[in-house]
Structures are given as structure tokens and as C-alpha cells.
């Protein structure tokens, strides 16, 4: 099955700075890579995803990049704001299920 | 807008009790999932179902069973609760069987086993 590793486990950034979270996966056939955000006390929600036919996807201040050769994908958050403080999970396909990374706790300091 | 609901937000049970956690989705999704969330371990799949009465084991099925009698409802059963099953339980659903797609999560049930 798919093995997803996520780094770092915690990330503290100054408001306005950028945050980057990286995930690696093991199955070279994987073709769908979502990112979920879980605010404190709330459910995980999809914030962005990328399929293997593109190398980058942007949505306002967030972007995801994919390097299929190296089997890693990254979440980039620019101009961080307090509301970006949350736990972020990456995932990769495992048959038609998802294997999730262990999560990154992002804290945005005012 | 997809809505996934879970029967309880908080639940306290005693060791050895039989526990039922229920999940309902209203978008006619074929796939439903039960995860367990523990700090530092991410979301670990317990069981999933791709059709009524169909179920498959996930990564950590021991001590759990599931039931899917109707398409919209997926139940997680702890036959004899133990303290190491104290955790946050999340249900999720996704549209099509056999396809990897966005999963929509419920609000979670925080279960404490004393």
C-alpha cells in the first residue's frame, strides 16, 4: 500500500511569511494528491488538490507543487494570516482509498 | 453542499461496553470510511465500504466492526470497548466506488473509554 511521509510535524511562522509543507509518497502510480486543513475542533476539509498531469496548481494564497520523478508534493501558503493556523494533512491514493500523512501543525504568530 | 453527520460529538463509555457510532451522508455517495485520529499519527483508516452491505478492512480493523445496511448510513461498532480505543473517530464519504476522489468528513466523535 501507499506510504505517505509528511514534514515538518510542526511549523511556526510570522504573520505575512510563507509556509511550506512537504510530503513524499511511495507508489509511482499515484495520480491524485489532496491537502486537507483541520482547524481546532473542526472537521478536515479539502483546501486544494492536484492530479498527476500538472506540476503546479494555485488558489489565491495556496499552491501545491508535484514532482513525480522524486515522488514528492508540497503545499505552499503565502502571506500567512492568523486564520491559516491549523493542522494540515496531505494524502495520496491507496487503491481507491487515501493514505494520509501524520499532519503538520501550523501556527501563525501575530 | 455535502453534509456528513455523526450521531454524537462526545461519548463516554466503560471498558467492555458495546459502542455504536453512526454516520449519515446526504449526497448519495457510494464510498464511506471510518478513521481514527490520534495526535502524531494522522488519520488511520479502520474500515471502508463501497456499497451497501460491502465492507473492507483498513489499516487498523482490530477490535472494530462495521455495518452498512443503507447507502446513506455507515456504522462503526466496538464490540467490547477498551481504554486504548479512546480517540477521535471521523467518518467520511466520497462519490464513486472504484475512484479516488475528495472525501467529505463528518464533525467527529470524541470517544472516551474509562
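Overview of results
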item	result
Residue within region A:32-39 that is without any contact (Cβ under 8 Å) to a residue 40 or more places away in the chain, surrounded by 14 or more Cβ atoms within 10 Å (Cβ to Cβ) and within 16 Å of residue A:105 (Cα to Cα) present	no
Residue list for region B:22-42, restricted to those being more than 9 Å from chain A (Cβ to nearest Cβ) and within 18 Å of residue B:9 (Cβ to Cβ)	B:22, B:23, B:24, B:25, B:34, B:36, B:38
Selection count, region B:17-42, where residues are on the phi > 0 side of the Ramachandran plot and in contact (Cβ under 8 Å) with a residue 24 or more places away in the chain	1
Residues within region A:84-105 that are touching a strand residue (DSSP E or B) at 6+ places or on another chain (Cβ under 7 Å) and at the interface with chain B (Cβ under 7 Å from one of its Cβ atoms), tallied	8
Strands (runs of 3 or more DSSP E) wholly inside region B:43-114 containing at least 3 residues that are free of Cβ contacts under 8 Å to residues at least 24 places away in the same chain, away from chain A (no Cβ under 11 Å) and within 17 Å of residue B:21 (Cβ to Cβ)	B:64-70
Filtered residues of region B:7-26 (kept if surrounded by fewer than 20 Cβ atoms within 10 Å (Cβ to Cβ), closer than 23 Å to residue A:37 by Cα and in contact with a strand residue (DSSP E or B) (Cβ under 7 Å, 6 or more places away or on another chain))	B:7, B:8, B:9, B:10, B:24
Test: residue in region B:9-16 that is at positive phi, outside any strand (DSSP E or B) and within 13 Å of chain A (Cβ to nearest Cβ)	no
Which numbered condition residue A:79 misses (of (1) touching a residue at least 24 places away in the same chain (Cβ under 8 Å); (2) at negative phi)	(2)
Matching residues in region A:16-32 - criterion: being at pLDDT 95 or above and not in a loop (DSSP other than H, G, I, E, B)	A:19, A:20, A:21, A:22, A:23, A:24
Among residues of region B:73-93, those that are over 14 Å from residue B:11 (Cα atoms) and more than 13 Å from the chain's Cα centre (by Cα), counted	3
Test result for residue A:51, farther than 17 Å from residue A:106 by Cα, surrounded by fewer than 19 Cβ atoms within 10 Å (Cβ to Cβ) and out of contact with any helix residue (DSSP H, G or I) (no Cβ under 7 Å at 6 or more places or on another chain)	yes
Residue within region A:29-40 that is more than 30 Å from residue B:8 (Cβ to Cβ), out of contact with any strand residue (DSSP E or B) (no Cβ under 7 Å at 6 or more places or on another chain) and more than 10 Å from every other protein chain (Cβ to nearest Cβ) present	yes
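The values are calculated or read from the model by the stated rules, or taken from the named source; none is laboratory data. Values in this document were obtained by computation on a predicted structure and should not be read as measured data. Cβ atoms come from the backbone with ideal geometry, glycine included; neighbour counts cover every protein chain shown.
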